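S.K.: Provided herewith is a single structure, encoded as structure tokens, for subsequent inquiry.
The values are calculated or read from the model by the stated rules, or taken from the named source; none is laboratory data. Since the model is a prediction, treat every value here as computed from it, not as a measurement. A quick note on method: Cβ atoms are made from the backbone with ideal geometry, for glycine too, and the neighbour counts reach across all protein chains shown.
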Ligand code: V47
């Protein structure tokens, strides 16, 4: 690195080169004063120490089972209110999609997918080579816990090899609250695991700060509940991911504090629990269509800076994942030289955010698209399964390296 660095940044750079952990104020200094190229070089150094030039991708399908939600979060453009004309006891399985096609409705109204539709989507994904379904949705005002258990069981029966990564910590807490008789977080996770749940996605963490929470996520679970779910999952041997939703009402210092809390949790999981976080997914806020639509969307440079600093602060996370639906495929590609080593995924359909509010819900990347992005960035593409085992394909079949 021949660039002339301010003394403070040079000290931080030396620390990173020596493999030492950064303090919160050092992360903040990087936000405030490191130039983007220095950040890229440092994040790249850490990334290449961990996995060289390899870049992971997976063949998956996201399924968002309903947009009805009992919460009204200010940052959310996805949720829809339960229609007042529907009866209190109505529990019909596929409202909003009368033809029972395997898709949500094309307009922006409320919808809920029936379990049959979800199983069809999972089966179609498995037939197209997917190794994972990523299933999340709104907090439905009527569905009982058994509905979600049954969803997992029926996917497992139809597609025994498909990994079910499902339900954010927010949903798990909701399932516990609505269960009758009341089930603890551990009992909910146990019931879901017995039915086929493989791991938890990282959604719902947003920013762990009370001021930010009150301003943007007031009705949602907070830091303590989110960590309770992931702690319990890790204690039970269930792997999970973590997220950070940035670029709305939070400050850089609040982002750093969020990352440090994740790092502390990961230290404890790695030291004494049978599972831990597999990756961190920094999510770039898309204001369009949400009550925070007046906010400017994070720029590409904020995205790169945040991804690089995430890599540098989370020295105990094996992977930093770019979710191209939120950053755009082009920026996800560039980020492969700013600390990112993993891209999610083929995706296929995604309902929760649509870039600029008007993109269709069909948001798919082919394997060829993903590999081309990765190779052109000077990286080596490797297909992985949910647990980061290399996937080996032969004709129409696949196996995960090291799996039973
Ligand atoms: O929890 C909601 C976020 C998350 C917006 O674990 C928004 O592998 C941007 O968690 N703009 C869901 N983001 C997505 C998610 C995820 C995605 C890919 C991979 C993984 C993983 C997890 O999306 C929500 C929330 O944090 N979100 N609204 C928005 N307007």
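S.K.: For residue 393, are the conditions met, namely being part of a helix (DSSP H, G or I) and either in the same structural domain as residue 277 (by TED's automatic domain parsing) or under 30 Å from residue 66 (Cα atoms) (or both)? Talk me through it step by step, then tell me what you get.
M.R.: Numbers: part of a helix (DSSP H, G or I): no; either in the same structural domain as residue 277 (by TED's automatic domain parsing) or under 30 Å from residue 66 (Cα atoms) (or both): yes.
Judged against the criteria, residue 393 is not a match.
S.K.: Next question. Could you tell me whether any residue of region 17-25 is surrounded by 15 or more Cβ atoms within 10 Å (Cβ to Cβ) and modelled with pLDDT under 95?
M.R.: Within region 17-25 (the criterion being surrounded by 15 or more Cβ atoms within 10 Å (Cβ to Cβ) and modelled with pLDDT under 95), the answer is no, since none of the residues qualifies.
S.K.: Being surrounded by fewer than 14 Cβ atoms within 10 Å (Cβ to Cβ) and in a loop (DSSP other than H, G, I, E, B) is the filter here; which residues of region 269-290 pass it?
M.R.: 274, the sole residue that qualifies.
S.K.: Same structure, new question: On the given criteria, is residue 291 more than 16 Å from the chain's Cα centre (by Cα), in the same structural domain as residue 169 (by TED's automatic domain parsing), farther than 21 Å from residue 323 by Cα and more than 13 Å from the ligand (Cβ to nearest atom)?
M.R.: no
S.K.: For residue 101, all conditions in the list (1) under 24 Å from residue 158 (Cα atoms); (2) modelled with pLDDT of 90 or more; (3) in a loop (DSSP other than H, G, I, E, B) hold save one; what is the number of the exception?
M.R.: (2)
One line per residue, one yes/no per condition, for (1) under 18 Å from the mean Cα position of the chain (by Cα); (2) in a helix (DSSP H, G or I); (3) crowded, with 20+ Cβ neighbours inside 10 Å:
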| residue | (1), (2), (3) |
| --- | --- |
| 221 | yes, no, yes |
| 225 | yes, yes, no |
| 233 | yes, yes, yes |
| 242 | yes, no, yes |
| 255 | yes, yes, yes |
| 258 | yes, yes, yes |
| 267 | no, yes, no |
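S.K.: Take residue 282 and decide whether it is in the same structural domain as residue 373 (by TED's automatic domain parsing) and within 13 Å of the ligand (Cβ to nearest atom).
M.R.: yes
S.K.: Pairs only if they're at least six apart or on different chains, beta carbon under 7 angstrom, first in region 109-137 and in the same structural domain as residue 365 (by TED's automatic domain parsing) and more than 19 Å from residue 192 (Cβ to Cβ), second away from the ligand (no atom under 16 Å from the Cβ) and assigned to a helix (DSSP H, G or I); list them, first residue then second.
M.R.: What qualifies is 123/158.
S.K.: So how many residues does region 134-163 have that are buried (at least 24 other Cβ atoms within 10 Å of the Cβ) and either in a loop (DSSP other than H, G, I, E, B) or within 16 Å of the ligand (Cβ to nearest atom) (or both)?
M.R.: Selection size over region 134-163: 4.
S.K.: Here's something else I'd like to know. Inside region 298-323, can you point out the residues that are touching a helix residue (DSSP H, G or I) at 6+ places or on another chain (Cβ under 9 Å), farther than 25 Å from residue 382 by Cα and not in a helix (DSSP H, G or I)?
M.R.: Listed by number, the list holds a single entry, 298.
S.K.: Tell me which helices (runs of 4 or more DSSP H) are completely within region 1-78 and hold 2 or more residues being in contact with a helix residue (DSSP H, G or I) (Cβ under 9 Å, 6 or more places away or on another chain) and in contact (Cβ under 8 Å) with a residue 40 or more places away in the chain, or say none if there are none.
M.R.: 24-33, 36-51
S.K.: Let me ask something else. I'd like to verify a number: residues in region 63-76 that are within 9 Å of the ligand (Cβ to nearest atom) and more than 19 Å from residue 134 (Cβ to Cβ), how many?
M.R.: 2
S.K.: I need the full set of residues from region 193-213 which are touching a strand residue (DSSP E or B) at 6+ places or on another chain (Cβ under 8 Å), within 16 Å of the ligand (Cβ to nearest atom) and without any contact (Cβ under 8 Å) to a residue 60 or more places away in the chain, in order please. Outline the logic, then answer.
M.R.: At the first step, the residues of region 193-213 found to be touching a strand residue (DSSP E or B) at 6+ places or on another chain (Cβ under 8 Å) are 196-207.
Narrowing the set further to residues that are within 16 Å of the ligand (Cβ to nearest atom) leaves 197-207.
Passing the criteria: 197, 200, 204, 205, 207.
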